[in-house]
Amino acid sequence: MALRRLFPGLIKKTIRPFAKLIDEEAGPNQYLRIIAISRIMLDNVPHIQASWFSEGKKTGQIALRFGADDFGGTLFDENVMLAAGFYNRTTEDEVREMIAEAGFFTSSATYQL
C-alpha cells in the first residue's frame, strides 16, 4: 500500500531520435510491450498511462487494450515537446472521442499523493 502512495501511476515515454540520445526510435511495438509488462509486473501501481500525446493517437488507443487505464488528457501548454519539433494537440471532446473509438468509457480523475 505504501508503494501506491509513492507511485500513483506510471507514464512510459519513448525516447525520440530528436533527443540525440540514440540513433534509433523505439517504435510502437516496444512501447506497447512495456505497457503490457508494466500492467503485469507492477501490480502495486494503480494506473498506467497510455501517452497518446508523445506516442500518437492510434498507439494511445491500442495501449488501452494492452493494460493502460489512463489515456491522459489535453495539453494546453506543452513547450518541451513543441521545442523538440513534436506537435500533437487536441481538444477535450477529441480525447473523449478517441477513448470511445477504442471501446472504452471516459471519466475524469485527479491524482493525490
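None of the figures in this text is laboratory data; all of them are computed from the coordinates on show. On a predicted model such as this, the values are computed, not experimentally measured, just so you know. Counting neighbours? That spans all protein chains shown, and the Cβs are built from the backbone with ideal geometry, glycine included.
By the count of neighbouring beta-carbon atoms within 10 Å, fewest first, Leu42, Leu64 end up ordered Leu42, Leu64.
Listed from fewest to most Cβ neighbours within 10 Å, the set Thr90, Thr59 follows the order Thr90, Thr59.
What list do you get for Ile62, Ile35 if you sort them by fewest beta carbons within 10 Å?
Numbers: Ile62 19, Ile35 24.
Least crowded to most crowded, the residues run Ile62, Ile35.
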